[in-house]
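As structure tokens, the structure follows; a few thoughts come after it.
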Amino acid sequence: MHKFLIHKQGDHVGVATSDIEAGEKVIGVYMDDDSTIEAVAAGAIPLGHKIAVADLAKDGHVIEYGLPIGYAPEGFKFGDYVHTHNIKTLRW
């Protein structure tokens, strides 16, 4: 059973469909083609929050919905919890 959804191939993050525990091995589903991906959560990820499905370099643009939604000042690693502590908006 999946625990997160990714909108499109090429996105850097998926959205938790239920709480994910630190160290938990979880399955994600790409909504554009129904393929799956497996990740190990580096930290606890609450329902509705993001999990990294790719490594991202320092100051890299974060892609979701196939579009940049922000940037990661310190970057992040596959399986990391992605939220306001490690992603900033591109708007201001």
Legend entry - Accessible area (Å², per residue) of the chain, counting only protein heavy atoms and a probe of 1.4 Å: 57 Å²
Inset, instruction - Name the residue farthest towards the positive end of the dipole of the chain from the options ALA54, VAL15, PRO73, assuming +1 on Cβ of Lys and Arg, -1 on Cβ of Asp and Glu, about the Cα centre. - result: PRO73
Inset, instruction - Apply the Karplus parameterisation 6.51 cos²θ - 1.76 cosθ + 1.60, with θ equal to phi minus 60°, to every residue of region 35-51 and state each ³J(HN,Hα) to the nearest whole Hz, in sequence, with x for glycine and proline. - result: 6, 10, 9, 10, 9, 10, 5, 6, x, 5, 10, x, 3, x, 9, 9, 10
Inset, instruction - Calculate how many DSSP beta bridges within the chain are antiparallel, expressed in % of all such bridges and rounded to the nearest 5. - result: 85 percent
Legend entry - Computed Kirkwood radius, in angstrom, where 1/r is averaged over Cα pairs of region 9-92: 12.7 Å
Legend entry - Whole-percent carbon and sulfur share, accessible surface of the chain, 1.4 Å: 55 percent
Inset, instruction - Rank-order 43-56, 79-92 by packing density, defined as the average count of other C-beta atoms within 10 Å over each peptide's residues, highest first. - result: 43-56, 79-92
Inset, instruction - Calculate one ³J(HN,Hα) per residue across region 76-90 by plugging θ = phi - 60° into the Karplus curve 6.51 cos²θ - 1.76 cosθ + 1.60, and present them in order as whole Hz with x for glycine and proline. - result: 7, 10, 3, x, 5, 6, 10, 7, 4, 6, 9, 9, 10, 5, 8
Inset, instruction - Using the Cα centre as the reference, give the magnitude of the dipole from point charges on the C-beta atoms of the chain (Lys, Arg: +1; Asp, Glu: -1; all else neutral), rounded to the nearest 20 debye. - result: 280 debye
Inset, instruction - May I ask you to evaluate 6.51 cos²θ - 1.76 cosθ + 1.60, the Karplus curve with θ = phi - 60°, for each residue of region 60-69 and list the ³J(HN,Hα) values in order in whole Hz, giving x for glycine and proline? - result: x, 6, 8, 9, 9, 6, x, 10, x, 10
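The values are calculated or read from the model by the stated rules, or taken from the named source; none is laboratory data. Computed from a predicted model, the values in this text were never measured in an experiment. As a convention, Cβ positions derive from the backbone with ideal geometry for all residues, glycine included, and neighbour counts pool all protein chains shown. The accessibility values were calculated without ligands, DNA or RNA, using every heavy atom of the protein model including side chains. Shrake-Rupley method; radii C 1.70, N 1.55, O 1.52, S 1.80 Å.
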